[in-house]
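What follows is a short report on a single structure.
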Amino acid sequence: MEKLHLDYPAGAPAAQAVLVGVVASGDLEVLIAPAAAGSCHIVIHSAADGSAARWRAQLDRLFGDGQAAAMQMEINDFGATPGVVSLRLAQALEELSA
Amino acid sequence: MSHQQDITRLLQGRSFIELSARERAHSLLDAGSGRELAGPFERLYSPWLSAQGIVAQADDGVVICKGLLDGQPAVIAAIEGGFQGGSLGEVGGAKLASALELAAADNRQGIPTRAVILFETGGVRLQEANLGLAAIAEIHAAIVDLARYQPVIGIIAGTVGCFGGMSIAAGLCSYLIVTREARLGLNGPQVIEQEAGVAEYDSRNRPFIWSLTGGEQRQACGLADALLDDDSVLIRQQLLDFIARGLPEQPRHRRSQHMLQRLLAMDSTSQADAASARQLFQSGAKL
Amino acid sequence: MSQPSISQRGRDWFHALCGSAPLQQGLPPSLLVADGELAGQPARYIAVVADPHNPFERARHGEVGLLEGWALAAAIDAAVQADQQQTDKRAIVAIIDAPSQAYGRREEAYGIHQALAAAAAAYAGARLAGHPVIGLIVGKAMSGAFLAHGYQANRLLALNDAGVMVHAMGKQAAARITLRSVDELETLAASIPPMAYDIASYASLGLLWRLLETEQPDQPTPADVQQVRTALAEALHDIQADPQRDLYQRLHGEHRQATRRIRALLQGQWSEIGG
């Protein structure tokens with residue numbers, strides 16, 4: 001089990017709080033809370049170890065351009081596959097912009 | 001219930017079972033009236049899970065939603081069966097007990113807050129054992145207290161069902177709504193098989209398990225009050241009907257003399273089955 | 001499957017505390033009920049004991065099963081009914097030594113969950129009606145058995161002894177269900193108080209009103225009995241002096257900080273939202 005922190009530059013604060021998913025086996029929950037403009041801070045609790053590189057790769061794709069909303073994101077992951085992780089992240093960001 | 005009806009319902013998107021605990025709570029309350037209390041953004045994680053290498057959920061698997069039912073104040077406590085089998089730990093248990101207690105306190109001040117519990121739970125979270133058990137005792141106390149003022153309605157929809165100490169909580173409710181997919185039993189099938197052997201209880205024999213503890217059987221025995229299809233609209237309607245009915249004249253748990261007589265009169269040497277259970281409950285006065 | 005040895009503690013302590021008070025008739029042999037006294041006031045003592053001839057074969061070692069659940073409810077409801085017009089309600093003392101709920105096909109088929117609910121409702125109802133309810137744990141107080149018989153008490157007392165245990169599930173079963181070995185479970189329990197099986201760890205959770213030292217918990221000496229009787233009397237007076245008849249007393253333990261935080265938060269948010 002590990003805890004990871006990732007930071008990215010970001011834009012204006014997220015418009016609302018969002019929660020998607022459930023910490024069921026093979027799934028994860030994603031919480032988004034608005035934060036002060038300019039940065040995005042992500043905390044990941046993962047049941048698996050040694051997944052830091054994989055998380056960074058996935059989140060770089062979404063937040064690496066620094067254009068995402070400023071937020072505090074929390075991910076509680078119970079062994080989801082990269083596919084399920086992508087799905088939940090996409091769901092969360094879609095709900096954010098809804 | 002036909003295959004065609006299943007498809008229709010799925011296409012209409014009215015399945016209750018498919019919904020998360022949070023979605024279920026909001027689907028039952030009057031549209032837009034739900035406000036979550038002590039929610040996931042408070043980050044009240046279990047203090048006990050990470051030390052055991054278990055990833056915690058931000059709401060600890062219990063959603064407390066205050067709102068309106070038919071315009072009257074209500075609180076819904078929904079257990080998320082997807083997280084740790086819906087088992088209750090310290091935090092989730094405290095949320096549930098406290099919500100019920102606050103509803104009772106409201107009633108003592110003339111506010112007719114009623115409560116609904118969505119049971120999707122295996123009972124005590126063993127990783128928090130005695131704090132889970134203590135919380136469940138407090139939930140029992142709170143249901144008995146509140147049920148003096150307002151009907152406390154339980155809903156068991158599946159797929160996890162309602163087991164352990166929370167099956168006792170279900171037995172304390174004024175009314176119970178179940179689906180065919182639901183199960184209601186004290187001990188999980190695996191534990192019974194471990195304790196009593198596979199000949200007594202085969203935990204992998206699904207038709208057998210549902211024949212004894214499934215929603216249809218329980219309702220036929222009078223251990224549940226309404227058997228409904230997996231349909232949010234119908235479930236909400238039944239919920240409102242039970243609330244309108246008010247406190248039951250004689251709650252199930254007050255039939256001790258009757259049940260003792262019936263149990264002592266039956267042939268306990270033959271093994272139980274669905275038919276003998278129905279016979280136990282259906283003969284004589286209604287339970 | 002193991003053949004559990006049958007504990008006599010519940011039976012022995014029941015007789016020690018009830019003295020010559022006659023047993024209530026008309027109940028299954030697994031229930032001992034007698035109207036004795038406590039601190040000079042009427043008290044109904046209740047114990048669930050092993051009945052090797054229990055018609056339900058999965059409930060022959062002291063488990064709380066179908067008959068026990070409904071009979072507990074009957075015995076308590078009768079006391080509440082009898083005292084309905086009294087201002088001073090008799091105390092109800094649950095003497096607790098039960099290894100578990102009963103596990104079996106008949107039990108599930110015939111609604112054991114409902115039988116235990118009846119018992120829990122009866123105890124809670126008695127407490128709300130003003131009866132002082134005291135739980136005395138002299139042996140095992142396990143999961144459903146404890147929820148049905150004792151956990152609704154105003155005050156919980158326990159003997160401080162290795163044979164006294166409160167838990168949600170026996171070690172073997174708990175290990176299997178959580179996919180760990182018993183050793184792993186015990187290691188975890190050593191650093192996670194709510195998981196532990198010993199009564200000292202349970203006491204650290206703040207759920208007990210008092211932990212009692214006795215010389216011979218298995219075969220109580222007269223001094224042991226006197227000591228417990230005194231403690232029960234003090235519990236009785238403590239309850240009678242308390243205007244609150246809920247379980248709030250259990251919220252102060254060092255290991256229930258999260259519980260207190262949540263309750264305070266919920267209370268605050270509840271008022272904000274309004275009725």
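Would you check if C:GLY65 is at pLDDT 95 or above and within 14 Å of another protein chain (Cβ to nearest Cβ)?
Values: at pLDDT 95 or above: yes; within 14 Å of another protein chain (Cβ to nearest Cβ): yes.
So C:GLY65 passes the test.
Being under 20 Å from the mean Cα position of the chain (by Cα) and part of a loop (DSSP other than H, G, I, E, B) is the requirement here; does B:ASP59 meet it? Here the answer is yes, as B:ASP59 does meet what is asked.
Could we say that B:ALA272 is within 20 Å of the chain's Cα centre (by Cα) and surrounded by fewer than 22 Cβ atoms within 10 Å (Cβ to Cβ) here? Steps first, answer last, please.
Details: within 20 Å of the chain's Cα centre (by Cα): no; surrounded by fewer than 22 Cβ atoms within 10 Å (Cβ to Cβ): yes.
Judged against the criteria, B:ALA272 is not a match.
In this structure, does C:ALA34 turn out to be surrounded by 24 or more Cβ atoms within 10 Å (Cβ to Cβ) and modelled with pLDDT of 95 or more? Let's see the steps before the verdict.
Details: surrounded by 24 or more Cβ atoms within 10 Å (Cβ to Cβ): no; modelled with pLDDT of 95 or more: yes.
So C:ALA34 fails the test.
Looking at the structure I just gave you, is C:GLY104 within 14 Å of chain B (Cβ to nearest Cβ) and under 22 Å from B:GLY214 (Cβ atoms)?
Values: within 14 Å of chain B (Cβ to nearest Cβ): yes; under 22 Å from B:GLY214 (Cβ atoms): yes.
Yes; evaluated as a whole, the condition is true for this residue.
Return the residues of the range B:8-50 that are of a type in the set (A, V, I, L, M) and more than 12 Å from chain C (Cβ to nearest Cβ); say none if nothing qualifies. Passing the criteria: B:LEU10, B:LEU11, B:ILE17, B:LEU19, B:ALA21, B:ALA25, B:LEU28, B:LEU29, B:ALA31. Within the range B:193-208, none of the residues are closer than 17 Å to B:SER167 by Cα, assigned to a helix (DSSP H, G or I) and more than 7 Å from chain C (Cβ to nearest Cβ). Would you check which residues across the range C:135-149 are among the aliphatic types (A, V, I, L, M), under 14 Å from C:TYR123 (Cβ atoms) and within 12 Å of chain B (Cβ to nearest Cβ) and list them? Correct list: C:ALA141, C:ALA145, C:LEU147, C:ALA148.
The rows are residues; the columns are (1) modelled with pLDDT of 95 or more; (2) within 14 Å of chain B (Cβ to nearest Cβ); (3) over 17 Å from B:ASP60 (Cα atoms).
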site: A:GLU29; (1), (2), (3): yes, yes, no
site: A:ALA36; (1), (2), (3): yes, no, yes
site: A:ILE42; (1), (2), (3): yes, no, yes
site: A:HIS45; (1), (2), (3): yes, yes, no
site: A:ALA52; (1), (2), (3): no, no, yes
site: A:ALA69; (1), (2), (3): yes, no, yes
site: A:GLU74; (1), (2), (3): yes, yes, no
site: A:ASP77; (1), (2), (3): yes, yes, no
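Every residue, every condition in (1) of a type outside the set (Phe, Trp, Tyr); (2) in a helix (DSSP H, G or I); (3) away from chain B (no Cβ under 14 Å), yes or no:
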{"position": "C:THR214", "(1), (2), (3)": "yes, no, yes"}
{"position": "C:PRO220", "(1), (2), (3)": "yes, no, yes"}
{"position": "C:VAL225", "(1), (2), (3)": "yes, yes, yes"}
{"position": "C:ASP238", "(1), (2), (3)": "yes, yes, yes"}
{"position": "C:ASP246", "(1), (2), (3)": "yes, no, no"}
{"position": "C:ALA258", "(1), (2), (3)": "yes, yes, no"}
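Take C:PRO52 and decide whether it is in contact with a Lys or Arg (Cβ under 6 Å, 6 or more places away or on another chain) and over 24 Å from C:LYS140 (Cα atoms). So C:PRO52 fails the test.
For the residues B:ARG180, B:ARG148, B:ARG218, B:ARG206, the requirement of being out of contact with any helix residue (DSSP H, G or I) (no Cβ under 8 Å at 6 or more places or on another chain), surrounded by fewer than 24 Cβ atoms within 10 Å (Cβ to Cβ) and among the basic types (Lys, Arg) singles out B:ARG206. Taking the condition out of contact with any helix residue (DSSP H, G or I) (no Cβ under 9 Å at 6 or more places or on another chain) and hydroxyl-bearing (Ser, Thr, Tyr), does A:SER51 pass? The answer is yes for A:SER51.
Of the residues C:TYR123, C:TYR151, which is under 11 Å from the mean Cα position of the chain (by Cα), modelled with pLDDT of 95 or more and assigned to a loop (DSSP other than H, G, I, E, B)?
On the way: C:TYR123 fails: assigned to a loop (DSSP other than H, G, I, E, B).
Step by step, each of C:TYR123, C:TYR151 is checked, and only C:TYR151 is under 11 Å from the mean Cα position of the chain (by Cα), modelled with pLDDT of 95 or more and assigned to a loop (DSSP other than H, G, I, E, B).
Residues that are aliphatic (A, V, I, L, M) and either out of contact with any strand residue (DSSP E or B) (no Cβ under 6 Å at 6 or more places or on another chain) or assigned to a helix (DSSP H, G or I) (or both) do not occur anywhere in the range B:176-185. In the range B:227-260, the qualifying residues are those that are polar (S, T, N, Q), within 14 Å of chain C (Cβ to nearest Cβ) and in a helix (DSSP H, G or I), and the one that is nearest to B:LEU28 (Cα to Cα) is B:SER256.
Assess whether B:ARG148 counts as being of a type in the set (Lys, Arg), within 11 Å of another protein chain (Cβ to nearest Cβ) and part of a helix (DSSP H, G or I). Spelling it out, it is not the case that B:ARG148 is of a type in the set (Lys, Arg), within 11 Å of another protein chain (Cβ to nearest Cβ) and part of a helix (DSSP H, G or I). Screening the range C:185-210 for residues that are small (Gly, Ala, Ser) and in a loop (DSSP other than H, G, I, E, B) and picking the one that is nearest to C:PRO99 (Cα to Cα) gives C:ALA196. The sole residue among C:GLY130, C:GLY125 that is within 7 Å of another protein chain (Cβ to nearest Cβ), farther than 16 Å from B:VAL191 by Cβ and surrounded by fewer than 24 Cβ atoms within 10 Å (Cβ to Cβ) is C:GLY125.
Of note, C:ILE192 does not satisfy the criterion of being surrounded by fewer than 18 Cβ atoms within 10 Å (Cβ to Cβ) and either at pLDDT 95 or above or within 7 Å of chain B (Cβ to nearest Cβ) (or both).
Within the range B:105-121, the presence of at least one residue that is facing another protein chain (nearest Cβ under 7 Å) and surrounded by fewer than 24 Cβ atoms within 10 Å (Cβ to Cβ) is confirmed.
A Cβ distance below 9 Å, combined with a sequence gap of six or more or placement on separate chains, defines the contacts here; from the range C:50-61, residues that are without any contact (Cβ under 8 Å) to a residue 60 or more places away in the chain and within 9 Å of another protein chain (Cβ to nearest Cβ) reach residues that are surrounded by fewer than 18 Cβ atoms within 10 Å (Cβ to Cβ) and not in a loop (DSSP other than H, G, I, E, B) in the pairs C:PRO55/B:LEU264.
The values are calculated or read from the model by the stated rules, or taken from the named source; none is laboratory data. No experiment lies behind these values; they were computed from the predicted model shown. Backbone-built Cβ (ideal geometry, glycine too); neighbour counts: all protein chains shown.
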